[in-house]
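> Take a look at this one; I'll ask things after.
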């Protein structure tokens with residue numbers, strides 16, 4: 001299987017985030033790259049660098065105002081006297097229609113939804129090349145490849161059109177799906193990360209040309225809390241084109257696979273001719289977030305089910321954090337893909 005990765009993704013090195021009132025080391029560590037690439041290599045993947053397709057594929061999903069913010073905010077932030085090394089907001093607007101401030105601190109609050117998306121000196125470069133990797137993967141699938149793996153870091157599925165959050169800055173899966181749609185295909189996005197793909201849902205919420213489905217731990221008591229519930233079905237022309245399948249904490253393989261069957265039925269009903277998989281491995285029983293309890297073998301069974309659709313598949317890496325099983329989980333999934 002072809003795989004896409006750019007070494008500049010190493011340059012994003014977040015130090016901290018706040019959870020439950022505690023400042024903690026960020027779980028989204030560069031070391032994830034080593035472990036994921038090791039798992040992909042075991043599965044037989046051959047890595048190649050992305051082609052630089054420029055800003056247009058990113059701007060097809062994200063607002064130019066937001067892209068400019070990501071490009072410039074760390075430099076602007078660094079001019080603030082006694083500013084910390086990472087851009088972390090301390091204030092947020094009450095709603096997206098509130099005034100847009102001129103200050104770096106105010107714009108950080110507008111464009112960063114939480115404290116889990118600190119922006120450092122290398123964040124924009126890494127996010128840009130992760131997104132370009134997703135674009136290159138989409139182009140390969142549009143050109144006839146049956147399955148391609150994109151090693152995207154930082155991840156993307158919590159990023160809205162103009163909002164970062166949850167370790168995510170550019171929505172790689174959404175960018176890839178839009179690229180496939182522009183190539184004349186009919187994409188469905190299936191998100192199997194333990195967290196709901198709220199940014200992906202938000203980007204396509206009012207559209208009927210991309211189907212979005214997310215299987216995740218019930219957000220009633222789990223990040224991202226405010227999104228991912230069953231009543232969220234899309235809006236306007238997109239009503240009925242979004243499906244959320246929240247699962248109880250600790251759900252194991254059998255129940256997960258039954259739910260996956262519901263998702264695959266909806267994908268068939270949509271008439272998708274290509275599948276973008278937001279590939280979170282943090283649903284594993286030993287992942288630090290402890291949301292679900294999928295086994296390593298379970299990831300192989302998920303991959304076999306997706307392979308059974310007969311659709312070309314683009315696998316875009318999302319979560320999956322540092323544990324002894326991370327490499328094995330990816331190897332199990334890609335080995336059956």
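> Scan the range 312-323 residue by residue and report those that are surrounded by fewer than 24 Cβ atoms within 10 Å (Cβ to Cβ) and either modelled with pLDDT under 95 or over 21 Å from residue 29 (Cα atoms) (or both).
Listed by number, the residues that qualify are 312, 313.
> While we're on this one: Hey, any hits in the range 150-172 for a residue that's part of a helix (DSSP H, G or I) and either surrounded by fewer than 22 Cβ atoms within 10 Å (Cβ to Cβ) or in contact with a strand residue (DSSP E or B) (Cβ under 6 Å, 6 or more places away or on another chain) (or both)?
Filtering the range 150-172 down to residues part of a helix (DSSP H, G or I) leaves 172.
When the remaining residues are screened for being either surrounded by fewer than 22 Cβ atoms within 10 Å (Cβ to Cβ) or in contact with a strand residue (DSSP E or B) (Cβ under 6 Å, 6 or more places away or on another chain) (or both), the result is 172.
Looking for residues that are part of a helix (DSSP H, G or I) and either surrounded by fewer than 22 Cβ atoms within 10 Å (Cβ to Cβ) or in contact with a strand residue (DSSP E or B) (Cβ under 6 Å, 6 or more places away or on another chain) (or both), one finds at least one in the range 150-172, hence yes.
> Could you check, for the range 201-217, whether at least one of its residues is part of a loop (DSSP other than H, G, I, E, B), out of contact with any strand residue (DSSP E or B) (no Cβ under 8 Å at 6 or more places or on another chain), touching a residue at least 40 places away in the same chain (Cβ under 8 Å) and surrounded by fewer than 24 Cβ atoms within 10 Å (Cβ to Cβ)? I'd like the intermediate steps shown before the answer.
Initially, the range 201-217 is screened for residues part of a loop (DSSP other than H, G, I, E, B), giving 205-210.
Filter once more, keeping what is out of contact with any strand residue (DSSP E or B) (no Cβ under 8 Å at 6 or more places or on another chain): 206-209.
If we keep only those that are touching a residue at least 40 places away in the same chain (Cβ under 8 Å) too, we end up with none.
No, every residue in the range 201-217 fails to be part of a loop (DSSP other than H, G, I, E, B), out of contact with any strand residue (DSSP E or B) (no Cβ under 8 Å at 6 or more places or on another chain), touching a residue at least 40 places away in the same chain (Cβ under 8 Å) and surrounded by fewer than 24 Cβ atoms within 10 Å (Cβ to Cβ).
> Identify the residue in the range 41-72 that is over 22 Å from the mean Cα position of the chain (by Cα) and part of a helix (DSSP H, G or I) and, among all such residues, is nearest to residue 139 (Cα to Cα).
If we take residues in the range 41-72 being over 22 Å from the mean Cα position of the chain (by Cα) and part of a helix (DSSP H, G or I), then 42 is nearest to residue 139 (Cα to Cα).
> Another question, then. If only one of 58, 67 is under 30 Å from residue 182 (Cα atoms) and free of Cβ contacts under 8 Å to residues at least 40 places away in the same chain, which one is it?
Result of the check over 58, 67: 67.
For (1) in a helix (DSSP H, G or I); (2) in contact with a helix residue (DSSP H, G or I) (Cβ under 6 Å, 6 or more places away or on another chain), each residue gets a yes or a no:
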| site | (1), (2) |
| --- | --- |
| 127 | yes, no |
| 130 | yes, yes |
| 144 | no, no |
| 179 | yes, yes |
| 184 | no, no |
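> So is residue 252 loosely packed, with under 15 Cβ neighbours inside 10 Å, in contact with a helix residue (DSSP H, G or I) (Cβ under 8 Å, 6 or more places away or on another chain), modelled with pLDDT of 95 or more and under 18 Å from residue 192 (Cβ atoms) or not?
Judged against the criteria, residue 252 is a match.
> If you don't mind, there's one more thing I want to ask. Any residue in the range 224-239 that's outside any loop (DSSP other than H, G, I, E, B): show its pairings with residues that are surrounded by 13 or more Cβ atoms within 10 Å (Cβ to Cβ) and at pLDDT below 95 at Cβ separation under 7 Å, as long as the two are six or more apart or on different chains.
Close Cβ pairs satisfying both conditions: none exist.
> Can you tell me which residues in the range 246-271 are closer than 19 Å to residue 210 by Cβ and assigned to a loop (DSSP other than H, G, I, E, B)?
271
> Another question about this same structure. Considering every residue within the range 81-103, establish whether at least one is in a helix (DSSP H, G or I) and either over 24 Å from residue 19 (Cβ atoms) or modelled with pLDDT of 95 or more (or both).
Let us first name the residues in the range 81-103 that are in a helix (DSSP H, G or I), namely none.
Taking every residue of the range 81-103 in turn, none turns out to be in a helix (DSSP H, G or I) and either over 24 Å from residue 19 (Cβ atoms) or modelled with pLDDT of 95 or more (or both).
> I would also like to ask the following. Can you confirm whether residue 292 is in contact with a helix residue (DSSP H, G or I) (Cβ under 8 Å, 6 or more places away or on another chain), over 18 Å from residue 45 (Cβ atoms), surrounded by fewer than 20 Cβ atoms within 10 Å (Cβ to Cβ) and modelled with pLDDT of 95 or more?
no
Residue-wise test of (1) surrounded by 18 or more Cβ atoms within 10 Å (Cβ to Cβ); (2) in contact with a helix residue (DSSP H, G or I) (Cβ under 9 Å, 6 or more places away or on another chain).
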{"residue": "1", "(1), (2)": "no, yes"}
{"residue": "20", "(1), (2)": "no, no"}
{"residue": "24", "(1), (2)": "no, no"}
{"residue": "34", "(1), (2)": "no, yes"}
{"residue": "52", "(1), (2)": "no, yes"}
{"residue": "72", "(1), (2)": "no, yes"}
{"residue": "89", "(1), (2)": "yes, yes"}
{"residue": "98", "(1), (2)": "no, yes"}
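> List the pairs whose first member sits in the range 90-109 and is free of Cβ contacts under 8 Å to residues at least 24 places away in the same chain and on the phi < 0 side of the Ramachandran plot, whose second member is exposed (fewer than 13 other Cβ atoms within 10 Å of the Cβ) and part of a loop (DSSP other than H, G, I, E, B), and whose Cβ atoms are under 6 Å apart, counting only residues at least 6 apart or on separate chains?
109/91
> Answer with yes or no whether residue 260 is within 20 Å of the chain's Cα centre (by Cα) and either under 25 Å from residue 154 (Cα atoms) or at pLDDT below 95 (or both). Write out each step before concluding.
Working: within 20 Å of the chain's Cα centre (by Cα): yes; either under 25 Å from residue 154 (Cα atoms) or at pLDDT below 95 (or both): no.
The answer is no for residue 260.
The values are calculated or read from the model by the stated rules, or taken from the named source; none is laboratory data. Since this is a predicted model, take the numbers as computed values, not measurements. All Cβ positions, even for glycine, are placed from backbone atoms using ideal geometry, and neighbour counts span all protein chains on display.
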